[in-house]
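The values are calculated or read from the model by the stated rules, or taken from the named source; none is laboratory data. Please read all numbers here as calculations on a predicted model, not as lab measurements. Counting neighbours? That spans all protein chains shown, and the Cβs are built from the backbone with ideal geometry, glycine included.
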Amino acid sequence: MLRLEKRPTPSVFWSRATPVLAVALTMIAGSVMFAVLGKNPFEAIRTIFWDPLFGEFAWYLRGQLLVKAGPLVLIAVGLSLGFRAGIWNIGAEGQYIMGAVIGAAVGLAVYPTENRLIFPVMIVAGALGGWAWAMIPAILKTRFNTNEILVSLMLVYVAQTILAMASTGFLRNPEGAGFPGSRNFSSYPAAANPELIAGSGLHWGGVAALATVVAAYVLLQRHILGFQIKLAGQAPRAARYAGVKPERLVLFCMGVAGALAGMAGLFEVTGPAGQISIDFNVGYGFTAIIVAFLGRLNPIGILLAGLLMALTYIGGEMASTNLGLPSAAIQAFQGMLLFFLLACDLLTNFRIRLAQVEAR
Amino acid sequence: MKRRQLLATAALGLSMAFGGAALAQDKTKACFVYVGPIGDGGWTFQHHQGALDVQKTFGDKVEIAWQENVPEGADAERVLTQMALGGCDIIFTTSFGYMDATNAVAKKFPNVKFEHATGFKREAPNVSTYNARFYEGRAVQGHIAGKMTKSNKIGYIGSFPIPEVVMGINSYYLHAKKVNPDVELSVVWAFTWFDPAKEADAAKALIDQGVDVIASHTDSTAPLAEAAKTGGKVIGFGQASDMADYKPSPRVSSIIDNWGPYYVKRVGALLDGTYAQADAWEGIAGGEVLIGEITDAIPADVKAEAEALRDSIGAGTYHPFTGPINKQDGSPWLAEGATAPDGDLLGMNFYVEGISGEIPK
C-alpha cells in the first residue's frame, strides 16, 4: 500500500520535474484518447508537438507560436506576481479587453494623423486601461475587504459588454457601412503593430513579453518588493512583522497584472487582430492562468509554458484540420495537461512511501 | 511598411513555388472553416451537411477537410493560412466575422479560391461571397407568429446588429403585423452566434415579458429548449437547421439553410474549369432556403396560408419587402408597390415603422 507523507520543505527536484512529467503523461493519455477516436495516436502527437516546430510549414508556424505565446506570457507574468502573494486576479481577460479598447480609442481619436509618438502613447493608454480596470477589485478589496476573485471575474463580463458597445458604437468604423468593428489598424501605419521582421511573427508584444520576463525575474530575485511578494504568499504573518503592508501589495500586484494584460490587449488589437470587434477576446486572460501555474509562477518557466501552450493550440489546429480530430478532443487534450500538472504537483509537497515503513 | 509587406508576400510566394510541386495531387481539396461545433444542431451543422454533400457527389475526386470552433479574428487568419499551405484548393469560410481574414489570406494565395459566407468584401479576384435570402423564410415565420400569438407579443433573439439580422427582424415583424395589427415585437441582442447559455437567457427574458412566439437568429437549440419548459404556452422555430427534435411543439416550423447545392456547384465548377468569381444570393426559389414542415400545432388554415406565402415568394410573384413601407422614424422607404433593391437590404441599418427600441449603436 502507498502512503503520502508531507515533505518538510517542498522538493526542488519535483517542482522542476512535474511539468515535464505532466507533459509526458498528457501525451500518453492523449494517445489513448486519439486511438479510441480511431486516429493514429503517433501521427496525432507528431502533428501537435513536432510539425509546428520542424514540419513542412514550420517556417510559418514558428512565427505563429510567438504570436500566440506573446500575450499569454505577458499576462501570465503579471498574474504570477499576485498568485505568489496570494492575490487571486482571475479577471485578466477583462483587463486585456479594456486595455485594447482604451488604447485603440486613443489611436482612433487622432486618425489619420501620422506621428511617431502615436503608437507609444497608445501603449501607455492600453496599460492604463488595464490598470484602471484592475484597480476596481483591488480598491474594493483593500477598502471593503471584498473577494477579488469574484469581483475581477464579474468585471470580465462588464468589459465584454463595453467591447460590444465599442464595436457597434463609439469605435465603429464610420466607413464600414454600418457593420460592427472599428477601423483596421493595418491601414493606419502610425498606430499599427506589424511584424518587426517579415514572417517572424515577432511584433512589439513579443518584445514586451521578453522584457517583462527579464524584469520580473530581476524583481523577484534582487528587489525587496519581490522578497515581500514571496514572503506574503508563504508566511503572511511573518510578512506583517517584516513590515509588508498588505494593502500596498494588493494594489501593486493587481496594478501590474492589469497594466500588463492591458498592454497585451493593445498589442493584439493593433497587430494580429487588427481591429476592435465584438469577438476580439479569445480567452488569453483565462488561458494565462494555466500558463502561470504550468510555469511554476516563475518568469522563465512562464516563458516556456507560454510557448508550450501556444504549441498545443497551433498543433491542435493542424491535427484538427489534417486528421479530422474534433476540436473538443483538442480541448480535452489541453485540459489533461493542467489536470496532470496539478496531480503531479502532489509530489512537490508530499513523498510517496510504502505502507511497510509505517509498520516498522 | 510597404516594403515589409512586399517581403512577406515574396516569402510566401517562394515557399508556394517550392511547396506547390511537392504538394501536387490529383484530388481537389475543399476546406471548410466553422465558427461553432458541428454538433451545434444549427448553422455549423448545416454547413457541414453541405460539405458532406460535396464528398458524396464527387467521391474520390475530392477530399474535404474542416476546422470547428475557429474564433473570428487573428486565429481565423492563421487557420486559413494553414489550410492554404496544407493544399486546400477552395476554402469556404462560413461566418460573417471571417471577412477581413478571408480577404487578407486570399491576397497571399492567389491560386486558392476563397468563398466567404454572408460577407460583402471581395478585395481579391479569388474571393467570392455567398449568402441566402433568409428574410424570405422570416416572412413565413412572421405570418405564423402573427396568427398564433395570444398575448400579441412576439420576440426575436438577435445575434449581432448587422444588416443580415436586421432585415430578418423587419421581415418577421412586417408579416406578423400584416395579419395581426396589434402585434408588438421585442428584440433581445445576444451578441453571439453560438452560446447556448446566453441564448437561453435571452429566451427567458422574452418569455418573462409575456412573449409567446420566439424566433431566433442564433445557432443553438437553447431557445426552443426554454420554450419547451413552458408547457406549450410558447412556440418557436427551428433556426438554420430543422431542429426536428422539438416537433410538433414548441418547434412549429423552421428555416433550413441548405448549402449543399451551392457547395456542389462551386466545387464542380472548380473541377471542370468553369469557376469564376461570384456574389451569390439565392433564396427559396434557388433551394438554399427551405421551410421546414409546419406541424399540426398550427391550425390547418394558418398552415395553408403560410405555405401559400412560401410558394408565392418561391415563384417570384411576391417580394417580402413590398411598399408602402416606412422606416421606424416615419420617413418613407418604399413607395406603394415598390420592392426593396438588394443594395438597400444588404446595408439595412434601420427598423421599419412600428418596431420599438433601437438597433444597438
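Residues checked against (1) more than 21 Å from the chain's Cα centre (by Cα); (2) more than 15 Å from residue A:309 (Cβ to Cβ); (3) free of Cβ contacts under 8 Å to residues at least 24 places away in the same chain:
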| residue | (1), (2), (3) |
| --- | --- |
| A:36 | yes, yes, yes |
| A:43 | yes, yes, no |
| A:47 | yes, yes, no |
| A:70 | no, no, no |
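If we scan the stretch B:51-70, do we find a residue that is within 14 Å of chain A (Cβ to nearest Cβ) and within 22 Å of residue B:168 (Cβ to Cβ)? No: the stretch B:51-70 contains no residue that is within 14 Å of chain A (Cβ to nearest Cβ) and within 22 Å of residue B:168 (Cβ to Cβ). The set of residues in the stretch B:36-61 being part of a loop (DSSP other than H, G, I, E, B) and either more than 19 Å from residue B:251 (Cα to Cα) or of a type in the set (Phe, Trp, Tyr) (or both) consists of B:36, B:37. Listed here are the strands (runs of 3 or more DSSP E) enclosed by the stretch B:211-280 that have at least 2 residues being touching a Gly at 6+ places or on another chain (Cβ under 6 Å) and polar (S, T, N, Q): B:251-257. Does residue A:310 satisfy the condition of being modelled with pLDDT of 90 or more, within 13 Å of chain B (Cβ to nearest Cβ) and either crowded, with 20+ Cβ neighbours inside 10 Å or closer than 30 Å to residue A:167 by Cα (or both)? For residue A:310, the condition - modelled with pLDDT of 90 or more, within 13 Å of chain B (Cβ to nearest Cβ) and either crowded, with 20+ Cβ neighbours inside 10 Å or closer than 30 Å to residue A:167 by Cα (or both) - is met.
Consider the stretch A:156-178 and keep the residues that are more than 10 Å from chain B (Cβ to nearest Cβ) and in a loop (DSSP other than H, G, I, E, B). The one that is surrounded by the fewest Cβ atoms within 10 Å (Cβ to Cβ) is A:175. Hey, any hits in the stretch A:331-338 for a residue that's touching a strand residue (DSSP E or B) at 6+ places or on another chain (Cβ under 9 Å) and either within 14 Å of chain B (Cβ to nearest Cβ) or of a type in the set (Gly, Ala, Ser) (or both)? For the stretch A:331-338, residues touching a strand residue (DSSP E or B) at 6+ places or on another chain (Cβ under 9 Å) and either within 14 Å of chain B (Cβ to nearest Cβ) or of a type in the set (Gly, Ala, Ser) (or both): absent. Of the residues making up the stretch A:218-237, not a single one is within 14 Å of another protein chain (Cβ to nearest Cβ), out of contact with any Ser or Thr (no Cβ under 6 Å at 6 or more places or on another chain), outside any helix (DSSP H, G or I) and at pLDDT below 85. Scanning the stretch B:180-227 for residues being free of Cβ contacts under 8 Å to residues at least 60 places away in the same chain and not polar (S, T, N, Q) gives a total of 26. Being buried (at least 24 other Cβ atoms within 10 Å of the Cβ), touching a helix residue (DSSP H, G or I) at 6+ places or on another chain (Cβ under 6 Å) and either over 30 Å from residue B:120 (Cβ atoms) or polar (S, T, N, Q) (or both) is a description that applies to residue B:213. Give the stretch A:107-161 a look and list any residue that's in contact with an Asp or Glu (Cβ under 7 Å, 6 or more places away or on another chain) and within 24 Å of residue A:274 (Cβ to Cβ), or say none. The one that is in contact with an Asp or Glu (Cβ under 7 Å, 6 or more places away or on another chain) and within 24 Å of residue A:274 (Cβ to Cβ): A:156.
If you go through the stretch B:296-352 and pick out every residue that is aliphatic (A, V, I, L, M) and part of a loop (DSSP other than H, G, I, E, B), you end up with 6.
Screening the candidates A:97, A:45 for the property of being β-branched (Val, Ile, Thr) and surrounded by fewer than 24 Cβ atoms within 10 Å (Cβ to Cβ) yields one hit, A:45. For the stretch A:93-115, state whether one or more residues are within 14 Å of chain B (Cβ to nearest Cβ), outside any loop (DSSP other than H, G, I, E, B) and over 18 Å from the mean Cα position of the chain (by Cα). Yes. Within the set B:160, B:120, B:109, the sole residue that is in contact (Cβ under 8 Å) with a residue 24 or more places away in the chain, at the interface with chain A (Cβ under 10 Å from one of its Cβ atoms) and either surrounded by fewer than 22 Cβ atoms within 10 Å (Cβ to Cβ) or within 30 Å of residue B:299 (Cβ to Cβ) (or both) turns out to be B:120. The test for being more than 15 Å from residue B:211 (Cα to Cα), away from chain A (no Cβ under 14 Å) and part of a loop (DSSP other than H, G, I, E, B) holds for residue B:181.
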